[in-house]
Amino acid sequence: MFKQFLSKLPRKSSKSDSGELNRSSSGPVSSPVQRSGTSAGSGPVRSNSGKRMSSAVFPASVVAGIEPLVPFKDVPSSEKLNLFVSKVSLCCVTFDFSEPGKNSIEKDVKRQTLLELLDFVASGSVKFTEPAILAMCRMCAVNLFRVFPPNYRSSSGGENDDDEPMFDPAWPHLQIVYDLLLKFITSPCLDAKLAKKYLDHAFIVRLLDLFDSEDPRERECLKTILHRVYGKFMVHRPFVRKSMSNIFYRFVFETEKHSGIAELLEIFGSIVSGFALPLKEEHKIFLWRVLIPLHKPKSVGNYFQQLSYCITQFIDKEPKLGSVVIKGLLKFWPITNSQKEVMFLGEVEEIVEAMSVMEFQKIMVPLFLRIACCVTSSHFQVSERALFLWNNDQIVNLIGHNRQAILPIMFTALEKNAQNHWNQSVLNLTLNVRKMFCEMDEALFMSCHARFKEDEAKLCSAAEKRKEVWARLENAASMKPITGKTAVLVTPRATSIAC
């Protein structure tokens, strides 16, 4: 196998081969491999598919006459780029890493070659030409762009935090390729105007597809690379944002399964922080149609921190968006998922804390109707987290300015908690909040207390009346004889109704 691997290396130079390079290097990136029957700079390769290592042995841009295994230090400066292209072409050979002992010598040769290329790119000694950029993009495409097998993805959509992350066995080579791509993109020797022809929309889409990898190491590398691409290639920025939005749309409204949502949101958080003011309409639409609906999936806990950061960045840019976000959170508020409720309450506190009085007044009634429900929740963590809002001085200040509207909403929930909540911690917090309201405005507090007593009396009276009506109906039914097929209640049953 090693002999066959080396037999694919170009040995002889010729003018015709050099001319072929010039013609082929202007081809599109979408054709990263040569025909499997021929290798550049040599005769036809035997078509024994059972022994051939890969159909992507050399791209069309290989430089004939340059020995890829020669170190860079052993060639003159004028030939270093040609050697670079030749070494990059050698690294287009791919191997099966599911069997560790298979092709170990060839794998080691490729690894050493990748490390040489990494050092060469990091040195920044030569300005990259178009053939070198083309060869580099093709090599990255061959090694990185792949479709993940079905068992590579979690069937639970990433809900279970106890699941062990899956690691790609090819990572020893993939990591070097990612490092090489990162160094290449960030190199001052790379002309962005020249490279955008090859690092095009198709390349970016395939790069974004890799974020679905379950290997966290790969997603971390991709996050850094995509961020650098966004920073260097300004012409691609709108397309990158649109492509990321499409991934989010598919996740929220179709699959609810994706491994890289957290990393993509982290990138977008950095993008939002660089938005110019005033915000464009397309950015506000992204907030309403993408970021807020991302609260809906069950797996929101996996990326909630990054999502909250993105939303906070938007509100910092334009504080008026705070009320828009709160309305969206109320729309997607979880009813049966207590863990999500606790997370939502934490985000509400962070948003309301930065609100002005005018913006707060727009959403205070629906917001505190929801908070009142949370306060009376039988799940003590939800109730406790809702009551913790009164530990925030800024929120207490906003409540104090609008106590005429908020206290009547909250009073019933606080009284019910004080009377019969099972958790002692919640009970103590409830009493503290009641005391706080009483100190804010004792007259209003006593008015709400009197109204609460009146409502309770009315409820008890209505319950007693219903009880009496049912008792009369049951008594009348028990006295009436059974005739025909008429169904009647023959045994009086007294139903106790607590008031």
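Along the stretch 421-429 the Karplus relation, 6.51 cos²θ - 1.76 cosθ + 1.60 evaluated at θ = phi - 60°, assigns HN-Hα couplings of 6, 6, 8, 5, 4, 5, 4, 5, 5 Hz to successive residues, with x for each Gly and Pro.
Using heavy-atom solvent-accessible surface (probe 1.4 Å) with all chains present, what is the largest-first order of Met358, Met244?
Met358, Met244
In plain terms, the chain from Ser98 to Gln305 could stretch by 71.0 nm, reckoned as 0.36 nm per residue minus the Cα-Cα distance.
Rounded to the nearest 0.05, the FRET efficiency derived from the C-beta distance between Arg250 and Glu353 at R0 = 41 Å is 0.80. Taking label positions 7 Å along the Cα-Cβ direction at both Gln381 and Lys232, the computed distance is 4.4 nm, reported to one decimal. Remark: the stretch 231-308 carries 46 Å² of accessible area per residue (probe radius 1.4 Å; ligands, DNA and RNA excluded).
For the pair Lys453 and Ser125, label points projected 7 Å from Cα toward Cβ lie 9.2 nm apart. Shape summary: the stretch 197-270 maps onto an equivalent ellipsoid whose semi-axes, from the alpha-carbon gyration tensor, are 19, 14, 11 Å in decreasing order.
Keeping all protein chains in position, work out how much accessible area His236 exposes to a 1.4 Å probe, and write it in Å² to the nearest 10. Around 10 Å² of this residue is reachable by solvent.
Projecting label points 7 angstrom from Cα along Cα→Cβ for Glu442 and Asp316 puts them 4.4 nm apart. The order of Val300, Val357, Val75 by accessible area, most exposed first and with a 1.4 Å probe, is Val357, Val75, Val300.
Report, please, the projected area of the stretch 365-475 averaged over directions, based on the convex hull of its C-alpha atoms, in nm².
8.1
The values are calculated or read from the model by the stated rules, or taken from the named source; none is laboratory data. Keep in mind that what you see is a predicted model, and the values were worked out from it rather than measured. Positions of Cβ are backbone-derived with ideal geometry, glycine not excepted, and every protein chain shown enters the neighbour counts. Accessible surface areas use protein heavy atoms only, side chains included; no ligands, DNA or RNA. Shrake-Rupley method; radii C 1.70, N 1.55, O 1.52, S 1.80 Å.
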